[in-house]
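Input: a single structure, listed below in structure tokens.
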């Protein structure tokens with residue numbers, strides 16, 4: 001039976017039935033009291049998720065829109081910034097920063113390795129004129145989690161610089177306490193841990209970031225966060241929002257609140273552990289450096305076989321979609337998404353399909369069921 005595709009990619013992620021039903025409601029006017037009530041409720045729930053006392057602004061656009069908004073609303077042409085680059089999305093923020101005429105220093109690490117937080121510390125101590133540090137927390141392209149807490153600490157000590165964080169695949173999957181860590185700009189996207197379709201992005205700004213906003217001179221119109229803040233104070237939006245995605249957002253956030261932050265974070269850690277250990281047990285090496293695997297996605301670097309062959313066979317034979325490698329990693333890695341609306345059955349199915357595929361292709365090094373056995377044990381122990 002076809003048309004039962006299981007998404008095991010880092011986005012879009014599976015959408016719960018409750019959320020799909022909310023998404024399918026008849027649209028309402030975005031200037032009505034009914035819609036304003038939804039905005040008020042989702043704003044409070046977003047603050048809970050971000051662990052912040054500040055408002056979280058919603059933009060109709062992708063996570064890239066939120067990150068670009070965070071950059072252009074706090075900085076001016078010629079400002080010195082440090083960008084972390086250890087994957088596709090780190091590279092993207094370097095390109096965005098340069099496109100707006102910022103003076104960019106790059107802290108680089110090989111793809112698959114984490115950024116060295118001490119390199120940020122050194123650069124910040126050497127230059128008191130640094131205006132921002134821009135970092136991807138969970139580098140989706142490689143399955144690496146960077147030490148955002150440590151980097152944020154060094155930025156806070158600097159006093160002048162802002163901490164701008166891409167938390168697109170970390171928010172809703174692991175602990176990102178915005179206020180506690182001193183993150184000044186935090187960006188995320190709807191199709192990841194939020195468990196809703198693509199189309200909304202979110203950006204939260206600290207008081208320090210709003211002070212920077214008052215002197216920012218980079219051009220902006222649709223992404224002018226002053227407009228979003230002004231209307232958010234009235235539970236509205238400066239432009240026509242994706243009304244039905246707001247319906248979905250409200251329902252998804254309710255589900256997350258019911259589960260609780262600690263339970264959400266624990267669940268993602270268990271899925272990461274089960275996936276990582278299962279893959280290693282069947283001879284498939286992890287791409288991310290040890291102890292730096294993201295709770296959202298596991299990248300696998302198979303030997304002696306094209307990763308795309310594995311992906312293609314898993315999709316054709318089991319209707320399970322895995323993510324491929326990007327740029328130079330195409331054919332070298334595949335990625336298993338385990339964030340958002342994913343459960344134990346999904347993890348077992350993905351691992352089992354990979355084992356069966358390796359066996360079918362004649363490259364299995366362990367009996368079929370080895371990985372499933374390891375994953376099952378971990379999942380059941382943590383029930």
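Any read-out appearing in this document is the output of simple, stated calculations on the displayed coordinates, not a laboratory observation. The model shown is predicted, which means the values in this text are computed figures rather than measured ones. Because the Cβ atoms are built from the backbone with ideal geometry, glycine has one as well, and the counts that use them run over all protein chains shown.
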Relative contact order %, region 17-258, counting alpha carbon pairs below 8 Å whose residues are six or more apart = 30 percent
Which peptide among 271-280, 13-22, 51-60 comes first, and what is the full order, when sorted by highest mean count of other Cβ atoms within 10 Å?
-> 271-280, 51-60, 13-22
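Taking R0 as 25 Å, what's the FRET efficiency between residue 363 and residue 5 from their Cβ-Cβ distance, rounded to 0.05?
The formula returns an efficiency of 0.50 here.
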Per-selection Kirkwood Rh - region 261-381 (Cα, Å, 1 d.p.) = 14.2 Å
Computed over the chain: longest principal axis from alpha-carbon atoms vs helix 243-259 long axis, angle to nearest 10 degrees, is 70 degrees
Could you check the simple spin-label distance between residue 345 and residue 207, using points 7 Å along Cα→Cβ, in nm with one decimal?
-> 4.9 nm
Residue 316 versus residue 303, label points 7 Å from Cα toward the beta carbon: distance in nm?
-> 2.7 nm
Could you work out how far the C-alpha centroid of region 312-357 sits from that of region 67-89, in angstrom?
-> 32 Å
Pairwise FRET efficiency - residue 380 versus residue 255, Cβ, R0 = 25 Å, nearest 0.05 = 0.55
Contour minus Cα-Cα distance for residue 159 and residue 239 (0.36 nm per residue) = 25.4 nm
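Express in % the proportion of alpha carbon pairs of the chain at distances exceeding 36 Å.
Cα-Cα pairs of the chain separated by over 36 Å account for 24 percent.
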If you wrap a convex hull around the C-alpha atoms of region 183-333 and split its volume per residue, what is the figure in Å³?
-> 190 Å³
Which distance in nm do the two modelled labels at residue 41 and residue 110 give, with both placed 7 Å along the Cα-to-Cβ direction?
-> 5.1 nm
Give the span of region 84-195's Cα atoms along each principal axis, as three whole-Å numbers ordered largest to smallest.
-> 41, 28, 26
Work out how much length residue 129 to residue 99 would gain on full extension: take 0.36 nm times their residue separation and subtract the Cα-Cα distance, in nm to one decimal.
-> 8.8 nm
Quickly rank 210-219, 69-78 as a protection proxy: mean count of other C-beta atoms within 10 Å, highest first.
-> 69-78, 210-219
Arranged from highest to lowest average of other beta-carbon atoms within 10 Å per residue, in what order do the peptides 162-172, 123-133 appear?
-> 162-172, 123-133
Taking Cα atoms, the helix 63-72 axis meets the longest principal axis of the chain at an angle in degrees (rounded to 10) of 30 degrees
Contour minus Cα-Cα distance for residue 53 and residue 17 (0.36 nm per residue) = 9.9 nm
What shape does region 55-95 have by the C-alpha gyration tensor, where a ≥ b ≥ c are the square roots of the eigenvalues, rounded means a/c under 1.5, and otherwise prolate means a/b greater than b/c and oblate the rest?
-> oblate
Per-pair calculated FRET efficiency, R0 = 35 Å: residue 262 and residue 328 via Cβ, rounded to 0.05 = 0.40
